[in-house]
Amino acid sequence: MKLGSVTVSALVIGALWGGIWMLVIGVLLMLVSGLAAAPPVAIASAVGVAMGGLTVLTKPQMRDRRAYFLAAAVSATGLLVVSAFRPFGAAFDEQLVYQLAALFIWAGLTVMSIGLCLDGYEPGGANRYRLEALLIRVLKGLAFVIFTIAVVLPFYVMVMTSLKSQQSLLANPLDFSIDLSQGYASLFRSYVELFTQYHFGTFLLNSAIVSVATVIITLLFAVPGAYAVARLRFPGQTFLSRSILLIYMVPAIVLVIPLYAVFSQAGLRNTLTGLMIVYPATTIPVALYMLQGYFRGLPSELEEAGLMDGLSRLGVIAKITLPLALPALASVSLYVFMIAWNEFLFAFMFLDDLDMFTLSRGVVSLNSSEVPRQHLMAGAVIATVPVLAIFLWFERFLVAGLTAGSVKG
């Protein structure tokens, strides 16, 4: 019997997702539980082949939620039996709860991935377009999995390490499981000691002051500058509009040496004021570039109507242009804030006084043999979480501001 191209593709997709999810879930199981596992990727791929074949042989109209739950249960049972009750390469009675949870997560993700890839497909042949569409589905799923792992896994390791004790890290540096029985005081000891012994409260305050000041100064210069480039007519306007980002062609390390000499003579080294001068100088060009595109996309008729009603040019900007540009202003503010919050080179070169350290400079000061590794990871978590929370909160404004002005209406 000759197999159709869709059927063969289904078998390959089943093997692919079965093996990939076994590898991913197996590694996560080791990180979470500390179990010394050896994920049987080949066995999982074989079970995935069977699931891929069953999925494509099932009529599309019968692939409902109940069918997927049943398929997941069959997959979990099949893996358990074929692996001789060692679904992750370890005895099933070791960390039984974790292994059961990982087994059903593997089965659910495998069946769901196969089902999403084969949604609407039936056994037999298919034209080139449908096969290419099937390949695109698989590649999109793989890209999503790889991207998620690349983002989540380092953050997970960072957080778990910050919650470990020095003894447990020395006993097994690769064990990222957490013992909740030790109590909250012991669990969050690294974070408490950061603020009580390592001046992290001062670092946070300094970074907040510098970042907020950078945003304010950048907007004070970028808004009128971008509006002038977008709306007013003057000699050199086109050249200025196109050359705004030329400053980014100069490496920052080239600017550090002369700035260091100038700031030392002017008494601005080891001060937050020096950073408040340098940071806006690097963020104003990109803010100008982003805002001018948005201002060009705003209807000029609204501003002309305001001028006819007696408003001055500054009144038009304050009462008409800026309210309409709030998404762009929010996205620029967020972008500038993240640059200032995470900047390290200038802070490292200009700041030597511990009381003047920003957060990025303070985290680096923890990277020494005298500071336990869990404290360094706790500092990294503290540096990451605030900007991550702000980014997620203002994400809709960031997307709107970055895409605004790309299409003129």
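Miscellaneous remarks
- Cα-based equivalent ellipsoid, region 89-183: semi-axes from gyration tensor eigenvalues, Å: 40, 18, 9
- For the chain, size of Cβ-based charge dipole, Lys and Arg +1, Asp and Glu -1, in debye: 1160
- Based on C-alpha pairs under 8 angstrom that are at least 6 apart in sequence, the chain has a relative contact order of 18 percent.
- MRE, 222 nm, helices only [DSSP H, n ≥ 4, -39500 (n - 2.57), over the chain, to nearest 500]: -23500 deg cm²/dmol
- Neighbourhood charge, 15 Å Cβ-Cβ cut-off, centred on LEU240 and excluding it, Lys, Arg +1 and Asp, Glu -1: +4
- Hydrophobic long helices, here whole DSSP H runs in the chain with Kyte-Doolittle means of at least -1.0 and Cα atoms spread over 15 Å or more along the helix axis, are found at 5-33, 41-57, 65-82, 96-117, 128-162, 200-231, 252-266, 272-297, 326-342, 373-393.
- Computed extension gain for TRP393 through VAL27, at 0.36 nm per residue and net of the alpha carbon distance, reaches 128.6 nm.
- The residues ARG296, ARG128, when put in order of fewest to most other Cβ atoms within 10 Å, stand as ARG128, ARG296.
- Going by neighbour counts of Cβ atoms within 10 Å, the residues VAL8, VAL49 line up, fewest first, as VAL8, VAL49.
- Here region 193-403 is treated as an ellipsoid with the same Cα gyration tensor; its semi-axes, largest first and in whole Å, are 37, 20, 14.
- Once the Kirkwood radius over Cα pairs is known for region 5-180, the Stokes-Einstein relation at 10 °C and 1.306 mPa s delivers a diffusion coefficient of 92 µm²/s.
- Ordered by the count of other Cβ atoms within 10 Å of each Cβ, fewest first, HIS199, HIS375 give HIS199, HIS375.
- Taken over the chain, the percentage of Cα pairs per 10 Å bin, counting from 0 up to the bin with the maximum distance, is 4, 16, 18, 18, 19, 16, 7, 1, 0.
Since every read-out is calculated from the coordinates, none of them should be taken as a lab result. Please read all numbers here as calculations on a predicted model, not as lab measurements. Every residue, glycine among them, receives a Cβ derived from its backbone with ideal geometry; neighbour counts consider all protein chains shown.
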